[in-house]
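Have a look at the structure below before the remarks.
What follows is calculated from the coordinates using simple rules that are stated; it is not laboratory data. Quick caveat, the model's predicted, so the values are computed rather than measured. For neighbour counting, all protein chains shown are included, and Cβ atoms are generated from backbone atoms with ideal geometry for every residue, glycine included.
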Amino acid sequence: MIRAALIAPAALLALTTPAAAQDMVIINATLVTGDGSEPVENSVVVVDDGKITYAGPQANAGSFDTNIVIDVQGKWVTPGIFSSMTSLGLWDVSGVSEGNDAAAGTSRFGAALDVVPALNPASQRVAVSRAAGLTRASIYSSPAKSIFGGQGAIVDLGDDPDMLVQPRAFQMVTLGERGARIAGGSRTASFAELASALREGREIASGRRNAEDSHLSREDAQAVSAVLSGEHALYVSVNRASDIRAVLRLKQSYPKLRLVLVEVAEGWLVAEDIAAAGVPVITNPMSDLPDSFEALAATQSNVGRMVKAGVKVAIGALDGATDNQPRYATQFAGNLVGLQKVPGATGLSWGQAFAAISSVPAEIAGFGGKFGVLKPGAAGDVVIWDGDPLELSSAPVKVFIDGREQSLSSHQTRLRDRYRNLDESQLPMGYRR
């Protein structure tokens, strides 16, 4: 039996955002733990000092002393969504170059670029994404002048000035057709540029070469050295099956590399090779058309086939889709569930699909067991939904980050509320109707 003040469903929508983490118990929940298992009804989630201390069947919950018990009456309760590969916080209007920090097209730096100084927690894209149930994200800088995009960061989407969780968490590199264009017009140039950077970075780190004698700047060399030591993961954007195999071979020369493959339109063709190498994948599940020569084998079954082969796959993308609109992640995950009903196609179970936007992205980012799951010790990132979160008709009614309730307001909702009631009684006398 739970001894506490009970918050009725009507009052659930009236809670104000507290300044500190709430100790709370959520009861009568349809629980999604985020680890790939299926939803469980009649469950309880306990948050103590910003951490999950229990998430499971209500019958095993025991007694808890807290002033806040939220009875959700069967509503879905999930961990927060973790967005892989997005530019959230780096721009609000992509077409306004002065406010767009997603790429550095004329910079003399490449690998040394760091997204942290450009992060804007007050961005309306952050607010809109938070209202859609997103609580954490990996932010990347897009390669532009160099095949190296720079150092990405892990952030939270809380309604506060400090969004940084981990700076310089990974290095971004693009190969394939885009990398070829940047490097000089051929894949040979892009792979030569990458091989040269890794070799020079290793030699500078070991003292066998001076940065002044390198093609890399001292700052770029330091960033590459962090990749070679395994301190920073190396996220490599490739699509063609042959390019994927070439990237996987890098581990033979640099065994400490923590590779992550991004995009990977033809990943299903080499799924067994990816799985054998133990390299995770971040991909756009809606990439199902041959829109380039490196994606001739694109199929919406790409994710399902890679998962079936044993590859760890998270939903995310570099351009468009879940980059520009990471709130679409639940829709994409739902599409993979629906794909199971298409003859000849390979989708995911409901639990697998939700894990692809929660626990799996967290694991790839190095935060397995801390984010994207509702288990003891994990951060109190909790979302209460009004229905199945993978259905388009559902939306969050409550979002908590580290046990703190978050505002769901944004410029979009304020405009909606402002013009919902078109009352003309307050118009100026001279206003033409």
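Taking the number of other C-beta atoms within 10 Å as the exposure measure, put Met24, Met286 in order starting with the fewest.
In increasing order of surrounding Cβ atoms, one gets Met286, Met24.
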Choice from Gly56, Gly207, Gly369 showing the highest fluctuation, given a GNM over the chain with Cα pairs closer than 10 Å: Gly207
From phi via Karplus (6.51, -1.76, 1.60), per-residue ³J(HN,Hα) for region 352-365 in Hz, x at Gly/Pro: 5, 5, 5, 4, 5, 10, 9, 6, 5, x, 5, 4, 4, 6
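Once the piece of chain linking Asp386 and Leu164 is laid out straight, how much longer is it, given 0.36 nm per residue of separation minus the C-alpha distance between them? Present the calculation step by step, with values, prior to reporting the outcome.
Details: separation 222, 0.36 × 222 = 79.92 nm, distance 2.94 nm.
Extending this stretch completely gives an extra 77.0 nm.
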Contact order relative to length of the chain, as percent, for alpha carbon pairs under 8 angstrom and 6 or more apart: 19 percent
Cα-based helix-to-principal-axis angle, 411-420 vs the chain, degrees rounded to 10: 40 degrees
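Would you kindly state how much longer the chain becomes between Ser107 and Ala205 on full extension, computed as 0.36 nm times their sequence separation minus their alpha carbon distance, in nm to one decimal?
On the way: separation 98, 0.36 × 98 = 35.28 nm, distance 2.36 nm.
Extending this stretch completely gives an extra 32.9 nm.
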Simple label model, 7 Å out from Cα along Cβ direction - Gln73 to Ser292, nm: 5.0 nm
Between 0 and 90°, nearest 10: helix 187-205 axis offset from the chain longest Cα axis: 90 degrees
Calculated log₁₀ intensity ratio I(q)/I(0) where the Debye formula runs over C-alpha points of the chain, q = 0.14 Å⁻¹: -1.23
All-pairs alpha carbon distance profile, region 164-315, 5 Å steps from 0, percent: 2, 10, 18, 21, 19, 14, 9, 5, 2, 0
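Using the beta-carbon distance between Ser253 and Lys51 and R0 = 41 Å, what value does 1/(1 + (r/R0)^6) give for FRET efficiency, to the nearest 0.05? The partial results should precede the final answer.
Numbers: r = 41 Å, r/R0 = 1.00.
It comes out at approximately 0.50.
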Fewest-first ranking of Tyr328, Tyr254, Tyr419, using other Cβ atoms within 10 Å as the exposure measure: Tyr419, Tyr254, Tyr328
Principal-axis tilt of helix 329-338 within the chain, Cα atoms, nearest 10 degrees: 90 degrees
Region 385-401 versus region 112-141: alpha-carbon centroid distance in Å: 20 Å
Gain in span if fully extended, Arg245 to Glu231, counting 0.36 nm per residue against the direct Cα distance: 2.7 nm
Burial ordering of Leu175, Leu422, fewest other beta-carbon atoms within 10 Å first: Leu422, Leu175
Anchor Lys51: lysines whose Cα lies under 16 Å away (excluding residues fewer than 8 positions away in-chain): Lys370, Lys375
Rough spin-label spacing in nm, given labels placed 7 Å along Cα→Cβ, for Ala345 and Ser186: 4.1 nm
